[in-house]
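The values are calculated or read from the model by the stated rules, or taken from the named source; none is laboratory data. Note that the structure is a prediction, hence the values are computed from the model and not measured. So basically every Cβ, Gly included, is an ideal-geometry build from the backbone, and we count neighbours across all protein chains shown. Just the protein is used for accessible areas: all its heavy atoms, side chains included, with ligands, DNA and RNA removed. Shrake-Rupley method; radii C 1.70, N 1.55, O 1.52, S 1.80 Å.
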Amino acid sequence: MADIFEVGVVGSGIMGAGLAEVAARSGHHVVVRSRTKANADAVLARIGKGLDKQVAKAKITEDERESILSRIRTTDHLGQLAGCDLVIESVVEDLAVKRELFEELEQIVKPSGILATNTSTLPIVEMAMATQRPELVCGIHFFNPAPVMQLVEVIKPVTASDETIDRAVAFAERCGKDPIVVED
């Protein structure tokens, strides 16, 4: 089973920021992609402010804060996700938008990379079928706020391989979460 080292997050909303923070806290290198560099950079600033509060409350040290932030980089270009072992999208809840994004990601992300969605409402199999690698597509649904909530649903469409689901579960566990596997 291939390990997940670099994680891409597509989306700069509350969930995108939460996903990036959780992944970076657990030692993953993270690339946050938004449609604009300003929005992507705003995610990093939002995470920094949250970490500042944790430093002030002595929940983490300043060195830990800096270490977490050093593992996050931002971009407005999907091509920067090419080396990711896992990409989690957290964009608008619109199936057509998500399918189009998965079609684009498939052309960019390395062939062994898992493409995941944070949705809990849309059929994952529909996104999987928009790619030529449906066995590497699953759902990894973090609850909001991602840094606080322990439960993560790893959603298995009929197309996903057991290895993909095992890798997704291992990722959630490495993030300190309690994953449960559910059917699409």
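Per-structure values
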{"quantity": "Qualifying positions in region 26-58 - of a type in the set (D, E, K, R) and touching a Leu at 6+ places or on another chain (Cβ under 9 Å)", "calculated": "33"}
{"quantity": "Tabulated pairs, region 46-71, first part of a loop (DSSP other than H, G, I, E, B), second open to solvent by 90 Å² or more (accessible area, probe 1.4 Å) and of a type outside the set (Phe, Trp, Tyr), C-beta under 6 angstrom, 6+ apart or interchain", "calculated": "71/29"}
{"quantity": "Condition check for residue 23: within 20 Å of residue 109 (Cβ to Cβ), assigned to a helix (DSSP H, G or I) and either open to solvent by less than 50 Å² (accessible area, probe 1.4 Å) or touching a strand residue (DSSP E or B) at 6+ places or on another chain (Cβ under 6 Å) (or both)", "calculated": "yes"}
{"quantity": "Failed criterion for residue 139 (all others in (1) over 13 Å from the mean Cα position of the chain (by Cα); (2) modelled with pLDDT of 95 or more; (3) not polar (S, T, N, Q) hold)", "calculated": "(1)"}
{"quantity": "Test result for residue 148, surrounded by fewer than 19 Cβ atoms within 10 Å (Cβ to Cβ) and of a type in the set (A, V, I, L, M, F, W, C)", "calculated": "yes"}
{"quantity": "Filtered residue count, region 158-177, keeping only those that are outside any helix (DSSP H, G or I), surrounded by 14 or more Cβ atoms within 10 Å (Cβ to Cβ), free of Cβ contacts under 8 Å to residues at least 40 places away in the same chain and of a type in the set (A, V, I, L, M, F, W, C)", "calculated": "1"}
{"quantity": "Pair list, Cβ < 9 Å and 6+ apart or interchain, from region 27-43 residues that are under 24 Å from residue 85 (Cβ atoms) and part of a strand (DSSP E or B) to residues that are open to solvent by less than 60 Å² (accessible area, probe 1.4 Å) and acidic (Asp, Glu)", "calculated": "29/6; 30/6; 30/21; 31/6"}
{"quantity": "Selected residue (only one of 155, 140, 180 is open to solvent by less than 10 Å² (accessible area, probe 1.4 Å), touching a residue at least 24 places away in the same chain (Cβ under 8 Å) and in a strand (DSSP E or B))", "calculated": "140"}
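For (1) over 24 Å from residue 43 (Cα atoms); (2) more than 15 Å from the chain's Cα centre (by Cα); (3) not aliphatic (A, V, I, L, M), each residue gets a yes or a no:
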| residue | (1), (2), (3) |
| --- | --- |
| 109 | no, no, no |
| 118 | no, no, yes |
| 128 | yes, yes, no |
| 155 | yes, no, no |
| 161 | yes, yes, yes |
| 165 | yes, no, no |
